[in-house]
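The values are calculated or read from the model by the stated rules, or taken from the named source; none is laboratory data. Just so it is clear, the model here is predicted, and its values are computed rather than measured. With ideal geometry, Cβ positions are generated from the backbone for all residues, glycine too; neighbour counts draw on all protein chains shown. The protein model used for the area step is the full one, side chains on, heavy atoms only, and it has no ligands, DNA or RNA in it. Shrake-Rupley method; radii C 1.70, N 1.55, O 1.52, S 1.80 Å.
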Amino acid sequence: MRLDKLVSMIGFTRSEAKKLIVSGRVKAEGTTLRDPGANVKEDIDIEIGGEVFSVKKHIHVMIHKPAGVLTATEDGKGAKTVADFLPEVFLKRGIGPVGRLDKDVTGLVLMTTDGQLAHRLISPRWEVTKRYRAKVEGRLDDACVSAFRNGIAFKDFTAKPAELEILSAEDHESTCLVYVTEGKFHQVKRMLQAVGHPVIHLHREKIAMIELDENLSEGQWRELTQSEIRELYVLTEMNENG
Ligand code: URA
């Protein structure tokens, strides 16, 4: 790969990368290279002005989305987005969210620079399970569980069978876990509303086998571990290094 392309993958524009290289500020594997077109391996460490960067092909992160924040990388009206929590270099690399959570919904959002991985994780074809924790109005009962198992019909679509696990049930309020394999607009809220239990609060805990890290408070993020990344690529039948 050309050295200027590799440097731009760290988060610089191609012309910034060229200037840094020509001015002698870039070392590849310990050697200063001044030719932006120099041919280098993709997985080497690059030193720029004394700071070492390892260039990963893709960046994958989990973020704990707070309420009031949009699942987007920018908003024309200036609202806060999940991207505001991430370093600028990730945005320059083109990181984007995998699906969406409503503005008032909290919890796990995955973000990746791998558009095909994101596409497969939200595609109905791959039936990736998402787990939500919901607080709802009223007492949930077995009839709600059965309704979820049978698939709920709406005017615009019929939700696929889903699991509802009741954690607590009282007259005024209940809590439950909901497992769905689709991601239609307001899907979980609509399903719970359809069985007579409007949502008070909704929180996403898990996507496929990736669980929201309990050490992340709202607004915090971390990169996925190698084993989490591998699991996502295996699940979506993709080649991690492809
Ligand atoms: N279901 C919803 O209703 N809202 C979300 O944000 C996600 C799932």
If N is the residue count of the stretch 3-54, its Cα Rg over 2.2 N^0.38 Å rounds to 0.93
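Quick one: if the Förster radius is 25 Å, what FRET efficiency do Glu205 and Lys57 give, using the C-beta to C-beta distance and rounding to 0.05?
So, using R0 = 25 Å, E works out to roughly 0.30.
As a check on your grasp of the helix formula, calculate [θ] at 222 nm for the chain: sum -39500 (n - 2.57) over DSSP H runs of n ≥ 4, divide by the residue count, round to the nearest 500. Each step should come with its number before you reach the end.
Working: 7 runs with 57 residues, N = 242.
Theoretical 222 nm ellipticity from helices: -6500 deg cm²/dmol.
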For Thr13 and Lys80, extending 7 Å from Cα along the Cα-Cβ vector and measuring point to point gives, in nm, a value of 3.0 nm
Given Cβ charges of +1 for Lys and Arg and -1 for Asp and Glu, the option among Phe12, Ser23, Leu33 whose Cα lies farthest towards the positive end of the dipole of the stretch 3-54 is Ser23
Net charge near Met238 (other residues with Cβ under 14 Å of its Cβ; Lys, Arg +1; Asp, Glu -1) is 0
Rounded to the nearest 10 Å², the accessible area of Leu86 using a 1.4 Å probe with every protein chain kept is 20 Å²
Length gained if Thr31 through Trp126 is fully extended, taking 0.36 nm per residue and subtracting the Cα-Cα distance, is 29.7 nm
Glu163 and Ala67 label points (each 7 Å along its Cα→Cβ direction) are spaced in nm at 2.7 nm
For the chain, the percent of accessible surface on carbon and sulfur atoms (probe 1.4 angstrom, ligands and nucleic acids excluded) is 47 percent
Any lysines whose Cα falls less than 24 Å from that of Lys56, other than same-chain ones fewer than 8 residues away, would be Lys5, Lys18, Lys19, Lys27, Lys41, Lys92
In this structure, the FRET efficiency calculated for Asp102 and Thr181 from their beta-carbon separation, with R0 = 25 Å, to the nearest 0.05, is 0.85
Given a 1.4 Å probe, the accessible area of the stretch 3-54 per residue, as a whole number of Å², is 57 Å²
For the stretch 129-207, the dipole about the Cα centre with charges only on Cβ (Lys and Arg +1, Asp and Glu -1), to the nearest 20 debye, works out at 460 debye
Rounded to whole angstrom, the alpha-carbon centroid of the stretch 1-32 lies from that of the stretch 183-220 at a distance of 42 Å
Between Lys5 and Glu223, the two model label points (7 Å from Cα along the beta-carbon direction) sit apart by a distance in nm of 2.1 nm
The answer for the stretch 86-242, accessible area per residue at 1.4 Å probe in Å², is 52 Å²
Count of lysine pairs, the stretch 129-207, Cα-Cα under 21 Å, sep. 8 or more residues or interchain, comes to 14
A correct Karplus calculation of ³J(HN,Hα) over the stretch 139-156, with 6.51 cos²θ - 1.76 cosθ + 1.60, θ = phi - 60°, whole Hz and x for Gly and Pro, returns 8, 6, 9, 4, 4, 5, 4, 5, 4, 5, 5, 7, x, 9, 8, 10, 4, 9
Rounded to the nearest 10 Å², the accessible area of Ile122 using a 1.4 Å probe with every protein chain kept is 100 Å²
With all protein chains in place and a 1.4 Å probe, Ile59 shows an accessible area in Å² (nearest 10) of 10 Å²
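Averaging over every viewing direction, what projected area does the convex hull of the Cα atoms of the chain cover, in nm²?
15.4 nm²
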